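Participant: Take this structure, written in structure tokens, and hold onto it; I'll ask about it next.
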Amino acid sequence: MSGLIDLHCHSTASDGTLRPAELVKRAREQGVELLALTDHDSVQGIAEASEAARMHKLELVAGVEISVSWRSHTVHILGLDMNPGHAGLQEGLAWLAQRRVARARRIAAKLARHPGLEDAWEAAVGLASCEAVTRTHFARLLVQRGLAGDMGVAFKRWLGRKGKAFVPGDWASLEQAVGWITAAGGLAVIAHPARYRMTHTRLAELIEDFKRAGGVGLEVVSSAHSPQERASMATLARRHGLLASAGSDFHAPGNPRVELGRGLELPQGCPPIWVHFGRGGTAALCVGS
Ligand code: AMP
Ligand code: MN
Ligand code: MN
Ligand code: MN
């Protein structure tokens, strides 16, 4: 494949700003030939994206980015090339969606105590053109209302771990997330591993738990990673025998550092995960060998 490959991005089915069809069109314009749509805890954008992919002659694989609570951390696990209609996966995501709503209501209640945010719940629901209200939607609300200068500030002062309206997520277990993905014929990948601010030892423990659960990939290349982090994640993937993935984590146009398909080449010596697509998932891999 001579075109670009991007295996991580978001649409309006979660916290992206482009509709699935618009996202696919933009990816094609950027030279992407293989795209995975990976909305947070949702596969609801896949049907529209697949339709658009047929029109724009781009190869789309179904994906998802599942929120996981592992020890005291929130970790994101990507599912790639799975059957989005698989009943077990859908049930799992529906259960997770309920947890997301419950958390979003608690965040909204905390925000509503502040002048100018009394209607935080209704306003965030209005900003989310899907069922999934994420912290990104609350952050956009805070910026719109002039209560945060930008998204970074919104997370730091309000929504992040030390923020005024922080509510910890209570997400799926690692075993559940990897299990739903593999049961649906997909490949499970640890998203943006350098983003979790874990020690090397802790990250190695996460990887070993993940592999035991049936996970096979590490997102070595991400726009969330610095060049140094990319290199150390490549080493980590090789050391643990994981396949390498690459994704922009694109959410919205207008960020000059993050564009669909851009700057996502794998470092030398990383076995790419996408050569295993279309083969029915983990069952076809000799995991651990
Ligand atoms: P949630 O799953 O509701 O906790 O929301 C997490 C989402 O918030 C992530 O997927 C990112 O898109 C976004 N996010 C997290 N931290 C930041 C940040 N510092 N600046 C901008 N967006 C962020
Ligand atoms: Mn997001
Ligand atoms: Mn993520
Ligand atoms: Mn993401």
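Participant: Can you give me the P(r) profile for the chain? Cα pairs, bins 5 angstrom wide beginning at 0, each as a whole percent.
Facilitator: Whole-percent P(r) values from 0 Å outward: 1, 6, 12, 17, 19, 18, 14, 8, 4, 1, 0, 0.
Participant: Near the amide H of Val32, under 5 Å away, which other amide H atoms are found, from residues 5 or more places off or on another chain, if H is placed in the peptide plane?
Facilitator: It is Leu4, by chain and number.
Participant: Positive end of the dipole of the chain, charges at C-beta (+1 Lys, Arg; -1 Asp, Glu), about the Cα centre: which of Gly146, Gln176, Ala224 has its Cα farthest in that direction?
Facilitator: Gly146
Participant: May I ask you to give the solvent-accessible area per residue for the chain, in square angstrom, as obtained with a 1.4 angstrom probe?
Facilitator: 45 Å²
Participant: Next question. Can you pull the percent of the chain's accessible area that's carbon plus sulfur, 1.4 Å probe, other chains left in place?
Facilitator: Whole-percent figure for carbon plus sulfur exposure: 51.
Participant: What net charge is computed for the residues neighbouring Val61, neighbours being all others with C-beta under 14 Å from the C-beta of Val61, Lys and Arg scored +1, Asp and Glu -1?
Facilitator: Around Val61, the surrounding residues sum to -4.
Participant: Of Cys270, Trp121, Ile77, which is farthest towards the positive pole of the chain's charge dipole, taken about the Cα centre with +1 and -1 on the beta-carbons of Lys, Arg and Asp, Glu respectively?
Facilitator: The Cα lying farthest towards the positive end belongs to Trp121.
Participant: Counting only helical runs of four or more DSSP H residues, what would the 222 nm mean residue ellipticity of the chain come to if each run contributes -39,500 (n - 2.57) and the total is spread over all its residues?
Facilitator: Per the formula, -11500 deg cm²/dmol.
Participant: If you fit an axis through the alpha-carbon atoms of helix 135-144 and take the longest principal axis of the Cα set of the chain, what angle between them do you get, 0 to 90°, nearest 10?
Facilitator: So the inclination is approximately 50 degrees.
Participant: Working from Cα positions, state the angle (0 to 90°, nearest 10) between the long axis of helix 174-183 and the longest principal axis of the chain.
Facilitator: Long axis of 174-183 versus the principal axis of the chain: about 60 degrees.
Participant: Among Thr38, Ala112, Gly63, whose Cα projects farthest towards the positive end of the dipole of the chain, with charges put on the beta-carbon of Lys, Arg (+1) and Asp, Glu (-1)?
Facilitator: It is Ala112.
Participant: Which of Arg135, Arg238, Arg197 ends up with the largest GNM mean-square fluctuation for the chain, with Cα atoms connected below 10 Å?
Facilitator: Arg197
The values are calculated or read from the model by the stated rules, or taken from the named source; none is laboratory data. Fair warning: this is a prediction, and the values are worked out from it, not measured in the lab. Cβ atoms come from the backbone with ideal geometry, glycine included; neighbour counts cover every protein chain shown. Quick note on the areas: whole protein, heavy atoms, side chains included, nothing else; ligands and nucleic acids left out. Shrake-Rupley method; radii C 1.70, N 1.55, O 1.52, S 1.80 Å.
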